[in-house]
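**Student:** Quick one: the structure is below, questions incoming.
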Amino acid sequence: MGWINSGGDANKERFGGPGVRYIGFRAVQTVAAVLLCVPTAILPVFIVIGSTVTGKPRRFVTIAKTRPGAVPDVPERQVPCP
(Lines give C-alpha, C1' and ligand atoms only; values in the text may rest on other atoms or scores of the structure.)
Protein backbone atom coordinates (compact mmCIF):
# COMPACT_ATOMS: atom_id res chain seq x y z
CA MET A 1 0.00 0.00 0.00
CA GLY A 2 2.91 2.34 0.59
CA TRP A 3 4.04 1.96 -3.01
CA ILE A 4 0.54 2.48 -4.40
CA ASN A 5 -0.36 5.43 -2.17
CA SER A 6 2.94 7.24 -2.75
CA GLY A 7 2.48 7.25 -6.51
CA GLY A 8 0.34 9.72 -8.36
CA ASP A 9 0.52 12.98 -10.18
CA ALA A 10 1.01 15.15 -7.09
CA ASN A 11 4.17 13.32 -6.02
CA LYS A 12 5.47 13.15 -9.60
CA GLU A 13 5.18 16.93 -9.81
CA ARG A 14 6.71 17.33 -6.35
CA PHE A 15 9.85 15.36 -7.28
CA GLY A 16 10.10 16.55 -10.87
CA GLY A 17 8.82 13.48 -12.66
CA PRO A 18 9.90 9.87 -12.46
CA GLY A 19 13.50 9.86 -11.34
CA VAL A 20 15.80 8.74 -8.56
CA ARG A 21 14.23 11.03 -5.93
CA TYR A 22 10.72 9.91 -6.85
CA ILE A 23 11.60 6.20 -6.74
CA GLY A 24 13.48 6.75 -3.45
CA PHE A 25 10.48 8.47 -1.94
CA ARG A 26 8.22 5.60 -2.99
CA ALA A 27 10.69 3.05 -1.58
CA VAL A 28 10.81 4.83 1.79
CA GLN A 29 7.02 4.97 1.89
CA THR A 30 6.86 1.24 1.14
CA VAL A 31 9.32 0.37 3.93
CA ALA A 32 7.39 2.58 6.38
CA ALA A 33 4.11 0.89 5.43
CA VAL A 34 5.62 -2.57 5.95
CA LEU A 35 7.09 -1.62 9.35
CA LEU A 36 3.86 -0.02 10.58
CA CYS A 37 1.68 -2.90 9.41
CA VAL A 38 2.34 -5.12 12.43
CA PRO A 39 1.76 -2.51 15.19
CA THR A 40 -1.37 -1.32 13.41
CA ALA A 41 -2.77 -4.86 13.37
CA ILE A 42 -1.81 -5.70 16.98
CA LEU A 43 -2.85 -2.46 18.74
CA PRO A 44 -6.62 -3.19 18.69
CA VAL A 45 -5.98 -6.48 20.50
CA PHE A 46 -4.38 -4.61 23.41
CA ILE A 47 -7.22 -2.09 23.46
CA VAL A 48 -9.86 -4.84 23.65
CA ILE A 49 -7.94 -6.70 26.37
CA GLY A 50 -7.45 -3.48 28.37
CA SER A 51 -11.14 -2.63 28.10
CA THR A 52 -12.11 -6.11 29.23
CA VAL A 53 -9.76 -6.04 32.22
CA THR A 54 -10.90 -2.61 33.44
CA GLY A 55 -14.58 -3.56 33.25
CA LYS A 56 -17.55 -1.25 33.18
CA PRO A 57 -17.10 2.44 33.93
CA ARG A 58 -17.59 3.10 37.63
CA ARG A 59 -19.16 6.52 37.27
CA PHE A 60 -21.00 8.13 34.42
CA VAL A 61 -21.83 11.82 34.55
CA THR A 62 -24.39 13.37 32.21
CA ILE A 63 -23.59 16.95 31.30
CA ALA A 64 -26.57 19.28 31.06
CA LYS A 65 -26.90 20.90 27.64
CA THR A 66 -28.71 24.02 28.87
CA ARG A 67 -29.26 25.77 32.14
CA PRO A 68 -32.54 24.96 33.84
CA GLY A 69 -35.09 27.62 32.93
CA ALA A 70 -33.00 28.97 30.06
CA VAL A 71 -35.46 27.78 27.45
CA PRO A 72 -38.93 29.33 27.87
CA ASP A 73 -41.83 26.95 28.07
CA VAL A 74 -43.56 27.09 24.73
CA PRO A 75 -46.88 25.26 24.52
CA GLU A 76 -47.10 22.58 21.88
CA ARG A 77 -48.88 23.59 18.74
CA GLN A 78 -51.98 21.50 18.23
CA VAL A 79 -52.61 20.55 14.65
CA PRO A 80 -55.81 18.66 13.80
CA CYS A 81 -55.35 15.36 11.98
CA PRO A 82 -56.74 15.35 8.43
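The values are calculated or read from the model by the stated rules, or taken from the named source; none is laboratory data. As the structure is a computational prediction, the values presented were derived from the model and not from experiment. We place every Cβ from the backbone using ideal geometry, glycine too, and count neighbours over all the protein chains shown. Side chains are part of the model used for accessible areas, which takes the heavy atoms of the whole protein and leaves out ligands, DNA and RNA. Shrake-Rupley method; radii C 1.70, N 1.55, O 1.52, S 1.80 Å.
**Student:** Can you tell me how much longer the chain between Val45 and Thr62 gets when fully stretched, taken as 0.36 nm per residue apart minus their C-alpha distance, in nm with one decimal? Walk me through the numbers on the way to the answer.
**Tutor:** Numbers: separation 17, 0.36 × 17 = 6.12 nm, distance 2.95 nm.
Taking 0.36 nm per residue and subtracting the Cα distance, the gain is 3.2 nm.
**Student:** Note down the nm distance, to one decimal, between modelled labels 7 Å out along Cα→Cβ at Val53 and at Cys37.
**Tutor:** About 2.9 nm, to one decimal.
**Student:** Still on this structure, I have one more. Can you give me the solvent accessible area of Thr62 with a 1.4 Å probe, rounded to the nearest 10 Å²?
**Tutor:** My reading of the accessible area for Thr62 is about 110 Å².
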